[in-house]
Structure formats: structure tokens, C-alpha cells
Amino acid sequence: MEHPLITESLYRRYMDGLMAGERTACADIVRDLLARDIGLYDLYIHLFQRSLYEIGELWEANRISVAVEHLATTITEGLLTLVYPRIFAAEHIGRKAVVSCVANEYHQIGGKMAADVCELNGWDGYFLGANTPTEDLVRFIDQKRPDLLGLSLALDLDFDNLRRVVERVRGAFRNLPIVVGGQAFRRGGSEVIAAYPGVSYIPTLTEFEAILKAS
């Protein structure tokens with residue numbers, strides 16, 4: 001269903017700019033949407049997430065190069081900063097979440113958006129970035145003692161790494177709720193973590209927010 005502000009025409013114009021590396025043109029579109037008071041979830045899901053999923057599919061089909069995929073991701077990460085004044089204005093409620101990519105996972109923007117959703121809902125969202133070594137993650141959790149751990153996975157080649165991270169964290173922090181998500185699950189794979197207690201697959205940012213509100 002077409003969003004009233006992010007029309008198909010606008011989306012295609014944004015995608016064209018993204019693939020051409022036209023950072024200013026993409027930023028102008030985002031600034032205009034913010035000036036029109038677009039909901040942040042709508043911006044994240046209907047523009048950022050949709051475009052990055054399309055970029056990923058084009059790369060997997062060998063229709064664009066790795067360079068174009070990396071540039072599009074870098075531009076999108078920069079555009080997220082335009083949203084931060086609204087995100088960090090939320091009143092904090094004393095809850096903490098650690099969000100991280102698993103080891104050998106270099107696509108970090110999905111995790112960054114999840115950490116932004118934490119901040120938007122008044123949580124302290126600690127985003128550890130791409131390719132976080134498992135032992136470093138465990139030490140950080142021990143230091144911060146969060147109420148929730150989020151793990152992001154973009155490539156289904158890394159499901160074995162996800163298993164290892166979940167097993168290590170669950171062994172050290174038996175009662176810590178863990179949620180996982182990312183583009184890697186678009187074609188299945190949620191059964192990978194189904195056997196682990198207290199670990200949930202969250203397919204969308206909206207459902208992730210519902211977990212935060214219920215915690």
C-alpha cells in the first residue's frame with residue numbers, strides 16, 4: 001500500500017539518487033518529509049528499510065556492484081542523523097538495550113535503526129556496530145546489565161555465527177531476553193533460534209517497539 005507522503009514516484013526518485021550516489025538529492029527528500037512531519041516509523045520502514053532491501057536484492061542478483069551497495073548503505077547511515085534531533089528528544093525511562101551485529105556481520109544499518117527505536121521509546125540504546133566479537137559483546141553486557149539484547153543479521157550465510165553468539169550469551173546470562181532480526185530472515189531461518197529459551201525473532205521495527213513497550 002502506497003504511503004500518502006512517500007509516493008511511488010518519490011520513492012523511485014529517492015532510489016535513483018541512492019544508486020547514483022547523489023547524497024544531497026536524497027537528503028533533500030528526507031528533509032522535506034521531516035518538514036511535512038512524517039512519522040519516523042513510516043520514514044524508516046517505507047523509505048530507508050524498503051530501499052535497503054531493494055539494494056540488497058539487486059546486489060544478490062548481480063545487477064549492481066558491491067561499490068554501489070556500499071555507497072547506498074553509507075548514504076543511508078548519514079541520512080539517519082537528520083532524524084536524531086527528534087529521536088533523542090524522548091524522555092528516558094531507565095531501561096537499557098544492547099543492540100549488536102553478530103561476528104562477521106558487516107551490515108549494521110538495521111541494528112542501528114533498532115537502537116534508534118529504543119531511544120525513541122525512552123530506552124538507552126547501546127549500539128555496538130558491525131562485526132562485534134562475541135567475547136567483547138559478553139563483556140559489554142556484563143558491564144551494562146541491559147534489560148534486552150538485540151542481534152542483527154543481514155546475510156543468511158551467518159546463521160552459524162548467530163547460533164554461537166546466542167549460545168554464548170545464553171550461557172552467561174540465562175535470563176536476559178534476546179531478540180533477533182534482519183534481512184537474513186526474509187526467506188526463512190527463524191527456526192534457527194526457536195530452540196533457545198527466551199530468544200525471539202522480531203520481523204519488523206513495529207513489532208520490536210511492541211516488545212519494548214511491553215517490557
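Each Lys and Arg contributes +1 and each Asp and Glu -1, all at the Cβ; summed about the Cα centre of the chain, the dipole is approximately 500 debye. Residues whose amide H falls under 5 Å from that of residue 200, counting only those 5 or more places apart or on a different chain, are 178, 179, 180, with hydrogens built in the peptide plane. The stretch between residue 196 and residue 61, if pulled fully straight at 0.36 nm per residue, gains 45.3 nm over its current Cα-Cα span. Loop-resident chymotrypsin sites (Phe, Trp or Tyr not before Pro) (DSSP state other than H, G, I, E or B) in segment 58-133 with no more than 14 further Cβ atoms inside 10 Å of their Cβ: 88, 106. The amide H of residue 189, built 1.01 Å from its N in the peptide plane, has no neighbour under 5 Å, considering only residues 5 or more places off or on other chains. Note on the chain: with neighbouring protein chains present and a 1.4 Å probe, carbon and sulfur make up 51 percent of its accessible heavy-atom surface.
Estimated from helices alone, the mean residue ellipticity of the chain at 222 nm is -15000 deg cm²/dmol (sum of -39500 (n - 2.57) over DSSP H runs with n ≥ 4, per residue). Once the Cα atoms are used to define both axes, helix 23-35 deviates from the longest principal axis of the chain by about 80 degrees.
How high is the relative contact order of segment 13-109, in percent, counting Cα pairs under 8 Å that sit 6 or more residues apart? Intermediate results must be reported in sequence, preceding the final value.
Numbers: 42 pairs, mean separation 31.0, N = 97.
Computed over segment 13-109, the figure is 32 percent.
Pairs of Cα atoms nearer than 8 Å and 6+ residues apart set the relative contact order; for the chain it is 16 percent. A simple charge model with +1 on the Cβ of Lys and Arg, -1 on the Cβ of Asp and Glu and nothing else charged puts the dipole of segment 47-93 at about 120 debye relative to its Cα centre.
Checking every one of the GluC sites (Glu not before Pro) in segment 46-97 against DSSP loop status and a limit of 14 other Cβ atoms within 10 Å picks out 91. Here the Karplus relation 6.51 cos²θ - 1.76 cosθ + 1.60, evaluated at θ = phi - 60°, turns the backbone of segment 126-141 into coupling constants of 9, 9, 9, x, 7, 6, 7, x, 4, 5, 5, 4, 4, 5, 5, 4 Hz, with x for every Gly and Pro.
The values are calculated or read from the model by the stated rules, or taken from the named source; none is laboratory data. Keep in mind that what you see is a predicted model, and the values were worked out from it rather than measured. Quick reminder, even Gly has a Cβ in these numbers, built from the backbone with ideal geometry, and neighbours come from all protein chains shown. Only protein heavy atoms, including side chains, enter the accessible area calculation; ligands, DNA and RNA are left aside. Shrake-Rupley method; radii C 1.70, N 1.55, O 1.52, S 1.80 Å.
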